[in-house]
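The values are calculated or read from the model by the stated rules, or taken from the named source; none is laboratory data. These numbers come from a predicted model, not from an experiment. Heads up, the Cβs are rebuilt from the backbone with ideal geometry, glycines too, and the neighbour counts pull from every protein chain shown.
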Amino acid sequence: MKAIWKSAILIWLLFFSTNLITAQELEQKSDGYYKDGQLYNGTFTTFFSNGKLASERTFIRGLEDGMSQYYDSTGALIEKRAWSNGKKHGTWFTYTNSGLKTGEANYYNNNKHGKWFIWDEKGILRYEMNYENGKKTGSWFMWDESGKLLSEKKL
């Protein structure tokens, strides 16, 4: 009987602590993210109610910096975002629950910049786009579900 009570208490503590962790929040203000009234520095993690990791984000002086990662409720990685000093900067990726890449987007100083790719849920490349400092540029391509080129547009 003692073992049952110990197990029940342990389960309750795990559940309670998980809910406490998910309840912790950052406060977003115009100049950055705050925790306990201070600009936040460090890695901020959130969890789903089932205890699985929901997100990992790094902040320096209240601004996102480095790679942020987002997961679905099963623990599968579904998105990676690159930041520098609070601005989108670098390559962002999206994935299906099974791990197939569905998107790759490039940013520079908070602007779309470079090649962007979109794949369907089967892993077939469907779109290729080009940006320069937030403006559409270059050649844009679109493929059908079999991988056959449907169109090419030059901007």
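Here are N85, N50: which of them is modelled with pLDDT of 95 or more, closer than 24 Å to K112 by Cα, surrounded by fewer than 16 Cβ atoms within 10 Å (Cβ to Cβ) and not hydroxyl-bearing (S, T, Y)?
N85
Pick out the one residue from S68, S151, S73 that is surrounded by fewer than 16 Cβ atoms within 10 Å (Cβ to Cβ), at pLDDT 95 or above and assigned to a strand (DSSP E or B).
The conditions single out S151.
So which of F59, F44 is without any contact (Cβ under 8 Å) to a residue 60 or more places away in the chain, closer than 30 Å to D31 by Cα, touching an Asp or Glu at 6+ places or on another chain (Cβ under 7 Å) and crowded, with 17+ Cβ neighbours inside 10 Å?
F59
For (1) over 21 Å from I78 (Cα atoms); (2) of a type in the set (V, I, T), each residue gets a yes or a no:
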{"position": "Y95", "(1), (2)": "no, no"}
{"position": "K101", "(1), (2)": "no, no"}
{"position": "Y108", "(1), (2)": "yes, no"}
{"position": "K115", "(1), (2)": "no, no"}
{"position": "D120", "(1), (2)": "no, no"}
{"position": "I124", "(1), (2)": "no, yes"}
{"position": "E128", "(1), (2)": "no, no"}
{"position": "T137", "(1), (2)": "yes, yes"}
{"position": "L150", "(1), (2)": "yes, no"}
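Taking the residues in the stretch 98-134 that are among the acidic types (D, E) and over 17 Å from K88 (Cα atoms) as candidates, determine which candidate is surrounded by the fewest Cβ atoms within 10 Å (Cβ to Cβ).
Selected residue: E121.
Given the criteria in contact (Cβ under 8 Å) with a residue 24 or more places away in the chain, out of contact with any helix residue (DSSP H, G or I) (no Cβ under 7 Å at 6 or more places or on another chain) and within 30 Å of T58 (Cβ to Cβ), does Y107 qualify?
Answer is yes for this residue.
I'd like to know if the stretch 135-143 contains one or more residues that are closer than 25 Å to S30 by Cα and surrounded by fewer than 16 Cβ atoms within 10 Å (Cβ to Cβ).
No; the residues of the stretch 135-143 include none that is closer than 25 Å to S30 by Cα and surrounded by fewer than 16 Cβ atoms within 10 Å (Cβ to Cβ).
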